[in-house]
Amino acid sequence: MPGDSERWRCTGCGNLTRFDVTRTVRSQDYVHQELSGAGAVEERNVLSETIERVRCRWCGATDSVEIVPRPDADRSDSDPSAESPTGLA
């Protein structure tokens, strides 16, 4: 999975936003069961995760998806111009 300063990109068609991700997750879940029988996961602790396949939603390619740096990854949170392109709030 891409980190905070990375993203996926399809080299085949240029897609940056839509991907089908097939993954296997092993987790420990805290499930709250209502008296009516309805249940919901309230906490999830991921013990392991394996990405099996990433497929581009636009062109269907699975061999052309790569992880690239995000363009805003080098910006500092303290940089005042990070709020807007003009540097004005």
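What follows draws every value from the coordinates through simple rules; no lab data is involved. Bear in mind that the values here come from a model prediction, so they are computed numbers and not experimental data. All Cβ positions, glycine included, derive from the backbone under ideal geometry; neighbour counts span all protein chains shown.
Key figures
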read-out: Summed residue charge, Cβ within 12 Å of Thr24's Cβ, Lys/Arg positive, Asp/Glu negative; value: +1
read-out: Paramagnetic label zone (point 7 Å from Cα along Cα-to-C-beta, Tyr30; backbone N under 19 Å) in segment 48-62; value: 48
read-out: Length added when fully stretched, Glu66-Arg44, from 0.36 nm per residue minus Cα-Cα; value: 5.1 nm
read-out: Neighbourhood net charge (13 Å Cβ-Cβ; Lys/Arg +1, Asp/Glu -1) for Cys59; value: +2
